[in-house]
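What follows is a set of notes on a single structure, which appears directly below.
The values are calculated or read from the model by the stated rules, or taken from the named source; none is laboratory data. No experiment lies behind these values; they were computed from the predicted model shown. Note: ideal-geometry Cβ built from the backbone for every residue, glycine included; neighbour counts use all protein chains shown. These area figures cover heavy atoms from the full protein model, side chains too; ligands, DNA and RNA do not enter into them. Shrake-Rupley method; radii C 1.70, N 1.55, O 1.52, S 1.80 Å.
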Amino acid sequence: MPETILIAIAWPYANSDIHVGNITGSHLPGDICARYHRLRGRKVLMVSGSDAHGTAITIKADQKGVSPMEVYQHYHPRFIELFTKLGISYDLFTSTHTANHFDIAQKIFIVLKENGYLITNISKQWYSKTQKRFLPDRYVEGTCYYCGNEDARSDQCEQCGHVLEAEKLVSPRSKLDGSTPELRETEHYYLDLSGLEPKIKTFLQERESYWRPLVINQSLGMINTTGLKPTPITRDLDWGIPVPLEGWEGKCLYVWFEAVMGYLSAAIEWCDLNGNRDAWRDWWLNPESKCFYYIGKDNITFHAVTWPAELLGIRDGLDRKLGSPDSKALVLPYNIPANEFMNLEGRKISGSQNWAVWGLDALERYDPDALRYYLTVAMPETRDTDWDWEDFFQRNNNELVATWGNLVNRVLSFTYKHWEGIIPAPEKLRESDLILLQTIGGGFEKVGQLLEKVELRGALAEAMALATEVNKYLDMHGPWFEIKTDRKEAEKTIYTAIQAIAWLSVMLSPFLPFTSQAVHEILDLGEPLFQEPQVEEVQDELGSHQILLTRRTESDSERSDRWLPNKLVPGRKFKQPYPLFKKLDHKIVEEERDRLGAKS
RNA sequence: GGCGAGGUAGCUCAAUGGUGGAGCAGUGGACUCAUAAGCCAUUGGUUCUGGGUUCAAAUCCCAGCCUCGCCA
C-alpha cells in the first residue's frame, strides 16, 4: 500500500482575484509538494476550493449592487482559469457552495453538538429595522467611545486603534442605508473546545521537532496563554449554510467554522466523482496518512490549534454519520508549513489600491514556469519577502534562462547538429563521466530530502546547483573540441550530458512542470510526467458549479516511483530542440512598475 | 498591551559557542557548443543598537530599536 498524502490548501475567498502573494503563500508550495509525492508513486490528494460565504462576499456584493451568489460566480471560474494556466494541479478545486459541503458541514455541526462541545448564548447585536435583519459588525459605523472618531467601524477604530465592543458604539448607523440600528437580543451557538487543551498540547509537542519555528512556537504560545475559548459558530445571515436545527431559521454557520471543513468535504466529493465514495477514508481515517496544510501565517493558530481540536471533538462521529459500521477518528495534521507574506516593491500588497501583481494578468505576459521559478526562489518560507521586478528580471535571465535553459539548449542543439538528433551510444564511460552522473543522480536523494521537509527554496537551489555542475563538466571536456579530434570522446561527453539533463528535468518538474514536460517530449521519453486536471461543470440541488478535477484511473494510482535516475537508452532519436525559456528585455521592469497602483 | 517570528555583503539567503559563507549583481580573464548564454578568478560585511557571560559570541543572557503576524 503506497503512502497516502493529503495536500490541503487554504480556501481563497471568492471576493477578489488571486495575486502573487496568495500563489506563493499556499497554492504553489502545495502544488510543488503534490507533484513531488506523485512522482514518488504515493497516493496524493490535493484539494481546495472557493470560500463562497461570509461577510467578505456580502460586503463586495452590496458595494457592486449584485447578489453574493453573483460575486462568487464571478471569481470562482477565474480561480480555476488561473490554476489551469499556472499548472496548480488540484485533484479537486471545488467550492463551499455545494450540496455536498452543506451536508458535511451540517453533519459535523450535529456531531459536535452530540459530543457535547456546543453551547448556546444570548447576546445583543445591531438590528436594522429598515432592512429587517441583523447587521454584521462590519456593516455598522459610529462614533468611537475612546477617541471620538465619528467614522469608527463597530469592531475597531482605525483612528486610535482600539478594539471596540460593538454594542457600546456611540451614534451607530448602518453602512447600507445610514439608518440608525437598534440593539436586539439574539441567540447563537458557541463551540467550546477548552476541555481538549491538554490533548492539543500533546499533539503540538509530538510535532515540535519538525514544524517551522514560527508555526510551533506561536501555537504553543497560544495554547499556553490564551487557550481555547468558546467562540460563536453561528450568525444572523442568510448567505451561507443554514443551521440544521428547527427554530434556527435565518441563521447560518459562521464562515470560519464551515469553510475549513472543506478539506474533508472536498476529499469526499473527489472520491464521489471518481466513483468510490468510501475512498476518502484512506486519507482521513488512516493513522499513517500524512496531512499537509498550506496556509499563510495569518492562519496559523486556527489550523494548528482550533482545527485539530475540532477534529478531536468530532472523534469518529463523521464516519459514523456517513454510515460506516466500524467508524474511526479523523487524522490530525502532520505538518502545517505556513508561509510568511510576500510584499511588492517594498510595500504591502493591497488589492484595493491595485498594489498587486495579479496571477491572471501576469500570465498574459509571462510564461507559467518563469513565474513559478521566481515565486519559488522568493517564497516567504522563513520571513517576509519582496516581489521586485528588477529581481524577477535578473533571476529569469541570469538563472532560469542562463543556467538551466541554456544548458538544455546548448547540449541538445549541438547533438542535433552533429548526430542528427540521435542520442549517441558511447563506448565505456570515463571516470569524469561517471562522477558527474553520480553527482547528478545523487540529486534525487538530496533534493528529495529537502522536498520532504517542505524546504522548497533550498530544494530548487540544490537542483539549480546541479545544473551548474553540468555546465562546468561541459567546459572541462569541451565537446566542440572533442568532435574535431576524437568523435568517440565527444559521444561520451554528450551522452553523459543528455543523461544529466533528463534527470534534472525530472528533479525540476515539481517546480517547472511545463518546461520539464517539454524536455520530456523533446527526448521522447514516453508517458507524460503528470496528469493535469480538467475543468468540468457539475450539478447539484444548489445549482451548477465549475470544478477543476483530475480523474484518476487504477493505472494512474499505481504508477511506480519515478524519482530515480533511470537510465537513458542511447540510439533513440529526439525532436528538434528549442529554447525552453524566454529571455526578458530590461524594459519590462519600468513597464511593470508603472502598472503598479494604476487604476484599472 | 500579551504571544510569536524576523533583522547577516548592493539584492536573496546560509552559518546553533571555535578563522562570518553561497548564489546573483560588480570587476578582470581565457574560450565559443549555446538564448552574448556557459567557465575561471576576484572586490565587497561595525552580523540592528547598547551592555553582559566566556579563552572565544551572528550564535547564550539582559535592555532597547525596527518589520511582520496572531490575540486583546
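Checked against the criterion of being away from RNA strand B (no atom under 16 Å from the Cβ) and either open to solvent by 10 Å² or more (accessible area, probe 1.4 Å) or at positive phi (or both), region A:290-299 has at least one qualifying residue. The set of residues in region A:381-398 being within 6 Å of RNA strand B (Cβ to nearest atom) and crowded, with 20+ Cβ neighbours inside 10 Å consists of A:THR385 alone.
Looking at A:GLU532, A:GLU491, can you tell me which residue is acidic (Asp, Glu), touching a residue at least 12 places away in the same chain (Cβ under 8 Å) and open to solvent by less than 50 Å² (accessible area, probe 1.4 Å)? From the options A:GLU532, A:GLU491, the qualifying one is A:GLU491. For the structure I just gave you, tell me whether A:MET507 is within 30 Å of A:TYR374 (Cβ to Cβ), buried (at least 17 other Cβ atoms within 10 Å of the Cβ) and more than 14 Å from RNA strand B (Cβ to nearest atom). So A:MET507 fits the description; yes.
This table checks each residue for (1) among the β-branched types (Val, Ile, Thr); (2) over 25 Å from A:HIS37 (Cα atoms); (3) within 14 Å of RNA strand B (Cβ to nearest atom).
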site	(1), (2), (3)
A:LEU429	no, yes, no
A:ILE435	yes, yes, no
A:GLN438	no, no, no
A:GLU469	no, yes, yes
A:LEU474	no, yes, yes
A:TRP480	no, yes, yes
A:THR496	yes, yes, yes
A:GLN517	no, no, no
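Per the listing A:GLY405, A:GLY448, the residue uniquely in contact with a Phe, Trp or Tyr (Cβ under 9 Å, 6 or more places away or on another chain), within 27 Å of A:LEU371 (Cα to Cα), in a helix (DSSP H, G or I) and within 12 Å of RNA strand B (Cβ to nearest atom) is A:GLY405. Any residue in region A:317-328 that is at pLDDT 95 or above, open to solvent by 10 Å² or more (accessible area, probe 1.4 Å), in a helix (DSSP H, G or I) and in contact with a helix residue (DSSP H, G or I) (Cβ under 9 Å, 6 or more places away or on another chain)? Yes - at least one qualifying residue is present in region A:317-328. From the residues in region A:427-456 that are touching a Lys or Arg at 6+ places or on another chain (Cβ under 7 Å) and surrounded by fewer than 19 Cβ atoms within 10 Å (Cβ to Cβ), which one is nearest to A:ARG487 (Cα to Cα)? Checked region A:427-456; the qualifying residue nearest to A:ARG487 (Cα to Cα) is A:GLU427. Scanning region A:222-255 for residues that are within 16 Å of RNA strand B (Cβ to nearest atom) and surrounded by fewer than 16 Cβ atoms within 10 Å (Cβ to Cβ) returns A:ASN224, A:THR225, A:THR226, A:GLY227, A:LYS229, A:PRO230, A:THR231, A:PRO232.
Within region A:133-142, the set of residues being open to solvent by less than 70 Å² (accessible area, probe 1.4 Å) and assigned to a helix (DSSP H, G or I) comprises A:ASP137, A:TYR139. Please go through region A:425-453 and pick out each residue that is polar (S, T, N, Q) and under 24 Å from the mean Cα position of the chain (by Cα). The answer is A:GLN449, and nothing else. Annotation: of all residues in region A:340-353 being within 11 Å of RNA strand B (Cβ to nearest atom) and part of a strand (DSSP E or B), the one that is surrounded by the most Cβ atoms within 10 Å (Cβ to Cβ) is A:MET342. Residues in region A:267-277 that are touching a helix residue (DSSP H, G or I) at 6+ places or on another chain (Cβ under 8 Å) and in contact (Cβ under 8 Å) with a residue 12 or more places away in the chain: A:ALA267, A:ILE268, A:GLU269, A:TRP270, A:ASP272.
Only one entry of A:THR130, A:THR120, A:THR180 meets the criterion of being touching a residue at least 24 places away in the same chain (Cβ under 8 Å), more than 16 Å from RNA strand B (Cβ to nearest atom), surrounded by fewer than 20 Cβ atoms within 10 Å (Cβ to Cβ) and over 36 Å from the mean Cα position of the chain (by Cα), and that entry is A:THR130.
Rundown of residues vs (1) without any contact (Cβ under 8 Å) to a residue 40 or more places away in the chain; (2) in contact with a strand residue (DSSP E or B) (Cβ under 7 Å, 6 or more places away or on another chain); (3) buried (at least 24 other Cβ atoms within 10 Å of the Cβ), yes/no style:
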site: A:SER16; (1), (2), (3): no, no, no
site: A:HIS27; (1), (2), (3): no, yes, yes
site: A:GLY30; (1), (2), (3): no, yes, yes
site: A:ARG40; (1), (2), (3): no, no, no
site: A:LYS43; (1), (2), (3): no, yes, no
site: A:GLY49; (1), (2), (3): no, yes, yes
site: A:THR55; (1), (2), (3): no, no, no
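For region A:454-465, a tally of residues being within 12 Å of RNA strand B (Cβ to nearest atom) and not in a helix (DSSP H, G or I) returns 1. The numbered conditions (1) under 17 Å from A:ILE314 (Cβ atoms); (2) open to solvent by less than 60 Å² (accessible area, probe 1.4 Å) are all true for A:GLU114 except (2).
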